[in-house]
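The values are calculated or read from the model by the stated rules, or taken from the named source; none is laboratory data. Being a predicted model, the structure only gives us computed values, none of them experimental. Methodologically, a virtual Cβ is constructed for each residue, glycine included, from the backbone with ideal geometry; neighbour enumeration extends over all protein chains shown. With ligands, DNA and RNA removed, areas are computed over all heavy atoms of the protein, side chains included. Shrake-Rupley method; radii C 1.70, N 1.55, O 1.52, S 1.80 Å.
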Amino acid sequence: MRAYSLDLRERVLLDRDAGISKVDVARKYRVSTRWIFKLEKQRETTGDIASRRSHAGPKRKLAEHTERLLQLVEEQPDATLRELRDRLGVPVSLATIWNTLKALGVTFKKGATRC
């Protein structure tokens, strides 16, 4: 979901400052009264009404092992996920290895010469 625009935030707060109720403002701009409450609270505490940055989420489990993982793939491009995990020596699931390789842009296309 995208953040509401700064223009909308300003209009909502102008109407609230003019004395219009939260319910009426929410109907007018098609937003929730809870969002209006949060916007007013943000302005009160920080003085800013811009949208807050979202958090990136938890740190990747293999963040500090990516160089070694790429090195293992270069050494043996046809290694299975299980083999890569065992050589890496980090207790993670095969899905974690797969997702990390995918995020690193490692492709898994078969070669042109096939038997």
Cα-derived Rg to Rh of the chain, Kirkwood definition: 1.34
Calculated Rg and Dmax of the stretch 1-49 using C-alpha coordinates, Å: 10.0, 29
Selection from 65, 42, 14 lying farthest towards where the dipole of the chain points positive, charges on Cβ: 14
Two-site label geometry, residue 7 and residue 94: point separation in nm, points 7 Å out along Cα→Cβ: 5.2
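Could you give the accessible area per residue of the stretch 1-48, probe 1.4 Å, as a whole number in Å²?
Values: 3570 Å² over 48 residues.
About 74 Å² of surface per residue is accessible.
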Dipole magnitude (debye, nearest 20) for the stretch 9-110, charges at Cβ of Lys, Arg, Asp, Glu: 540
Percent accessible area from carbon and sulfur atoms, the chain, protein chains only, probe 1.4 Å: 50
Efficiency of FRET between residue 28 and residue 63 - r from beta-carbon atoms, R0 41 angstrom, step 0.05: 0.35
